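What follows is one structure encoded as structure tokens, with my remarks underneath.
The values are calculated or read from the model by the stated rules, or taken from the named source; none is laboratory data. Bear in mind that the values here come from a model prediction, so they are computed numbers and not experimental data. Please note: Cβ atoms are built from the backbone with ideal geometry, for glycine as well, and neighbour counts cover all protein chains shown. These accessible areas exclude ligands, DNA and RNA; they are computed on the full protein's heavy atoms, side chains included. Shrake-Rupley method; radii C 1.70, N 1.55, O 1.52, S 1.80 Å.
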Amino acid sequence: ARRVALQLDYYMSSQFAGVAVAMRSGLYSRAGIDLRLLPKCAPGAEAAAVSRGYEQEGGKALFVGTMEQNTLLPAIDSGCGVKAVAAMFGRSPLCLAALPGSRLRDRAGAGEVLRVGVHVDTEELMRRILPTADVRILPRGLKLQSLLAGEIDAVQAYDVMETLRLAHDIGTPPEVVPLEGGIFPEVALGYAQVLFAPQAALSDKNHRETLQTFLQATFQGWREVMQNPADAADTVVKMQGESDHWLNNPDFVERSTRLCCNYVKRTRSCGKFGVIDADIWKRATTWLAHQVPLEKSLDLNVWTAGDRVVDAHPVAREVSVETKQLAKEASAKHGRPPQLVVVTVGSAALGRTHPDGARRLQLISPDDASWFSKAKTGKSLGIDVKEVDLPDSVTTQELIRVLQQHSDAHGLQLMWPLPPSVDARRAYDAIPAAQDVDGATSAAKLLVARGATVTLVGSGSEDLNRLAAEADVVVAAAGKPGVLDVGRVRPGAVVVNVGTTFVRDDLVPDISPPQDGGPHPASLIVHSVGPISVAMLMRNVAANALAAPAKQVGAT
């Protein structure tokens with residue numbers, strides 16, 4: 001077996017549920033890996049411990065560690081010869097937490113002097129984010145106690161565990177302010193639970209292959225966590241010890257594990273978890289004011305989505321940044337947030353009420369960036385989303401009356417398909433053009449506008465294979481696995497997989513890769529188009545709201 005030593009930057013807990021499950025279910029051992037968890041070290045010393053351990057064992061075992069990007073970069077800058085290769089959390093869960101009634105958001109946003117308890121490895125970071133604060137370094141075990149005793153106003157905490165423990169201790173949810181976004185829009189902390197390895201090991205072919213195998217097992221472990229959080233929580237409870245940061249019982253740990261899964265899902269790229277986006281890494285590196293070159297801090301070739309694939313998540317993130325600003329301006333203009341009303345009839349439409357909706361949300365997307373949780377997604381962007389669910393038995397006229405009741409909304413979305421008893425054309429024609437935020441111009445029209453010759457063809461057409469073999473770009477949106485055999489794609493063409501089908505807890509694209517593992521004929525394959533759909537929907541609502549004329553005082 002290939003020996004791997006893992007240095008966690010915290011106690012074994014829900015933050016490492018994927019590792020715990022992979023150990024319990026034998027994913028590592030079946031992959032030929034003998035995994036050893038190293039004793040916890042001082043906060044911020046994990047990179048040094050990994051480098052030292054690798055050297056002391058003469059490179060005979062692969063050493064891997066985890067740290068926050070904001071603590072890993074200074075370690076690399078100081079001479080630790082390690083590089084990041086993957087990440088378990090797609091953004092930092094770092095937050096400020098305070099007792100209810102403290103007006104933490106208002107006071108922090110106004111720059112008031114706050115007494116803030118922090119860990120030693122985040123002191124410098126907190127002083128930068130809160131330059132007027134009285135930052136106090138406290139041992140992990142005293143931080144929450146000091147808050148409850150009134151000795152400090154807030155604590156730096158992890159919003160996947162400590163905030164839950166605080167809620168338990170005081171009997172009500174604490175006030176929580178994330179350290180990215182919201183009142184800190186410029187802050188970029190990058191990734192959390194970043195997996196890294198010694199540079200010398202990354203230069204060794206055998207260690208590099210071992211690392212890839214380790215990562216494969218680890219993120220398969222996280223997939224199993226998402227499939228069954230309750231079972232994963234039982235595993236974590238048996239492996240973690242006692243701490244004042246958590247309650248060592250299945251209910252608490254399951255809630256914590258579910259929160260962790262939301263952060264893991266942010267690392268998804270073309271169906272693969274743990275992939276680091278170079279642009280996010282570079283932006284955080286710049287904000288953190290570290291001059292570490294990308295090639296010195298990150299190896300992008302160990303854990304990638306694959307060759308010739310393009311992930312649409314980065315575009316969706318850019319759209320969401322724009323949407324937040326539009327929504328902020330619209331709210332200031334109208335005195336209320338932009339509003340979207342989503343009307344769904346029955347459960348056939350692919351959304352929140354669909355039979356697969358809850359499971360897809362559980363396994364695929366964070367709940368604040370998903371087509372299947374538009375209310376939470378809208379809230380994260382500053383948009384009020386109201387969801388109206390109607391039974392299959394609704395008549396056309398009843399549906400139209402419901403649509404007309406929301407004339408003050410900035411957007412109306414009527415989910416497709418509608419039951420046969422409803423006149424779909426009449427229903428969609430009842431949506432005023434000014435509220436039609438879902439009627440986006442089709443890809444066909446966009447391509448025609450760029451000078452392309454576009455042919456629309458149904459999935460059952462006899463000409464499908466012939467036309468696909470001639471096309472430079474193939475856009476598949478049938479929602480039918482294997483609608484087109486990949487062998488029919490012209491070599492060098494671009495494939496855009498819009499349609500996907502939920503099969504055995506995974507998304508299967510309309511045009512699947514070669515089954516024999518051979519090379520894909522396409523020169524470029526575009527995946528994860530779904531996130532753009534919800535991002536553009538919300539952007540259209542915010543833009544609509546901003547463009548709407550402001551009502552005069554006293555107007556009705």
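Restricted to segment 509-546, and to residues there that are closer than 29 Å to Asp368 by Cβ and charged (D, E, K, R), the residue that is most open to solvent (accessible area, probe 1.4 Å) is Arg539. Would you check which residues across segment 109-124 are touching an Asp or Glu at 6+ places or on another chain (Cβ under 9 Å) and either at pLDDT 90 or above or surrounded by fewer than 14 Cβ atoms within 10 Å (Cβ to Cβ) (or both) and list them? Result: Glu112, Val113, Leu114, Arg115, Val116, Gly117.
Of all residues in segment 478-517, exactly one satisfies the criterion of being of a type in the set (Gly, Ala, Ser) and in contact with a helix residue (DSSP H, G or I) (Cβ under 8 Å, 6 or more places away or on another chain), namely Ser512.
Each row is one residue, and each column tells you yes or no for (1) of a type outside the set (Asp, Glu); (2) open to solvent by less than 10 Å² (accessible area, probe 1.4 Å); (3) not in a loop (DSSP other than H, G, I, E, B).
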residue: Val4; (1), (2), (3): yes, yes, yes
residue: Asp9; (1), (2), (3): no, no, no
residue: Met12; (1), (2), (3): yes, no, no
residue: Phe16; (1), (2), (3): yes, yes, yes
residue: Ser29; (1), (2), (3): yes, no, yes
residue: Leu35; (1), (2), (3): yes, no, yes
residue: Ala42; (1), (2), (3): yes, no, no
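Scan segment 376-411 for residues that are open to solvent by less than 40 Å² (accessible area, probe 1.4 Å) and either free of Cβ contacts under 8 Å to residues at least 24 places away in the same chain or not in a helix (DSSP H, G or I) (or both) and the total you get is 10. Among the residues of this structure, Ala305 counts as one that is in a loop (DSSP other than H, G, I, E, B), crowded, with 16+ Cβ neighbours inside 10 Å and small (Gly, Ala, Ser). Note on segment 450-486: among residues that are of a type in the set (Lys, Arg) and assigned to a loop (DSSP other than H, G, I, E, B), the one that is nearest to the chain's Cα centre (by Cα) is Lys480.
For segment 279-295, a residue qualifies if it is surrounded by 13 or more Cβ atoms within 10 Å (Cβ to Cβ) and either modelled with pLDDT of 95 or more or more than 19 Å from Pro198 (Cα to Cα) (or both), and the qualifying residues are Ile280, Trp281, Lys282, Arg283, Ala284, Thr285, Trp287, Leu288, His290.
Annotation note: of Ala167, Ala197, the sole residue that is out of contact with any Leu (no Cβ under 7 Å at 6 or more places or on another chain) and either among the hydrophobic types (A, V, I, L, M, F, W, C) or part of a strand (DSSP E or B) (or both) is Ala167. Taken together, Ala468, Ala433 contain a single residue that is of a type outside the set (Val, Ile, Thr), farther than 18 Å from Val529 by Cα and touching a Lys or Arg at 6+ places or on another chain (Cβ under 8 Å), which is Ala468.
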